[in-house]
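Every number here is computed from the coordinates shown, using simple stated rules; none is lab data. Note that the coordinates shown come from a computational prediction; the quantities given were computed from them, not determined experimentally. Don't worry about glycine lacking a Cβ; one is built from the backbone with ideal geometry, like all the others, and counts go over all protein chains shown.
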Amino acid sequence: MTYVNRSDSQGREITVSVRVVQRLIDAIEQAGVPRAEIMRVLGADALPLHELDARVSSRKVDRMCELAVDLTGDQALALRWAQSLTERTFAPVSQVLAYAGSLRKSLALLAEYEGLFCDQTCFALSESDGLATLRLYPGWSFSSPRMARFAAEMGAGGFLVVIRSFSPRGAVARVCFDYPAPQYRDEYQRTFGDVAVCFDQSFCGIVFDRAALDRPSAYADAEIHRAMQSVAERRLLRVAKNAPFSLRVRDVLEQRAPERVNMASVARALGLSVRTLRRQLNAEGTSYREIEYAVLASLARQLLCDKQLTIQETAYAMRFSDAATFHRALKQWTGMTPTELRNSATQPIHLA
């Protein structure tokens with residue numbers, strides 16, 4: 001890896017999703033640093049943390065990661081962050097990957113959606129002699145060796161979670177790093193377990209059994225996969241600044257459903273005033289209430305399609321205190337009662 005500030009082939013500054021910055025702040029707080037101190041030192045109060053589609057300069061993110069290590073005094077912070085990752089950490093993309101039919105499909109989808117995290121390609125996959133090699137950050141450059149190490153630790157830990165979700169632990173042959181072993185080398189073994197950790201290699205990445213790429217997933221779920229993929233695709237449109245405001249509102253509501261969210265909260269999440277959001281939705285021929293009802297109705301219908309859930313249980317899942325209140329609300333949203341909606345649903349309605 002090289003150590004200069006990042007820019008693309010046209011010389012434009014590379015940006016990172018604010019969602020990644022939010023997870024960084026969470027990790028620092030979990031390491032024992034008060035959030036107020038984090039905000040003061042990182043200058044996080046000047047960042048668009050409440051704008052779901054905001055982007056942050058890669059230079060600023062590099063500096064924030066280095067400050068994070070200084071704040072916590074934990075040189076292995078990135079490794080600990082990687083250990084805390086779950087399938088919901090970067091929803092919906094992490095869920096799209098988790099429910100894909102195979103690791104190969106999962107990695108292909110990640111390549112498609114990685115623009116939701118960063119403007120640059122973060123990995124490359126090659127296959128040879130029964131092995132698959134996943135190289136991290138091909139062509140990237142970083143502001144310092146410490147930042148390059150931070151990114152490699154976080155990336156290797158995250159990709160190992162993905163690979164192991166599809167394959168038995170023995171499928172991974174080794175994890176490679178292109179720098180000398182740091183003083184906290186023992187933390188690598190704690191993070192990567194029984195996998196060989198190799199330093200001073202020609203690349204950063206993971207080498208694993210090629211057969212693991214096409215081994216069927218035990219957790220594949222086509223219904224959930226399609227629903228989450230739909231959400232991810234809409235979010236990509238928003239990042240590209242092409243999505244209608246109605247889709248942006250729907251995405252925020254779907255993230256928070258079944259909780260009820262008022263228009264002011266959604267407007268803040270989108271970096272807009274309530275007045276501006278209302279005007280934009282009116283121009284698109286819809287309203288906040290119409291979108292809210294459609295989201296709640298869609299979720300209710302998905303739950304009602306599960307015949308193992310009673311209507312009372314569905315009401316509780318939708319945050320209603322009793323079935324009667326749920327009955328009235330559903331009648332308002334769809335014109336049908338829970339029983340009528342369940343009987344009319346021949347298959348689940350997916351998030352559109």
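Could you grab the relative contact order for the range 15-214? Cα pairs under 8 Å, six or more apart, rounded to a whole percent. The partial results should precede the final answer.
Values: 265 pairs, mean separation 43.9, N = 200.
Contact order relative to length: 22 percent.
Residue separation times 0.36 nm, minus the C-alpha to C-alpha distance between Ala108 and Ser141: what's the value?
Taking 0.36 nm per residue and subtracting the Cα distance, the gain is 9.5 nm.
Given 0.36 nm per residue, what is the gain on full extension from Ser202 to Glu290 after removing their alpha carbon distance, in nm?
26.1 nm
When the Debye formula is applied to the Cα atoms of the range 271-312, each taken as the same point scatterer, what base-10 log of I(q)/I(0) results at q = 0.14, 0.19, 0.21 Å⁻¹?
-0.48, -0.64, -0.69
Just grab the label-to-label distance for His327 and Arg256, each label 7 Å out from Cα along the Cβ direction, in nm (one decimal).
3.0 nm
Want the number for Asp45 to Asn343: 0.36 nm per residue separation, take away the alpha-carbon distance, what's left?
Extra length available between Asp45 and Asn343 comes to 102.3 nm.
Once the Cα gyration tensor of the range 15-214 is found, what semi-axes does its equivalent ellipsoid get, as square roots of 5 times the eigenvalues, in whole Å, sorted largest first? Intermediate results must be reported in sequence, preceding the final value.
Values: eigenvalues 150, 77, 45 Å².
Sorted largest first and rounded, they come to 27, 20, 15 Å.
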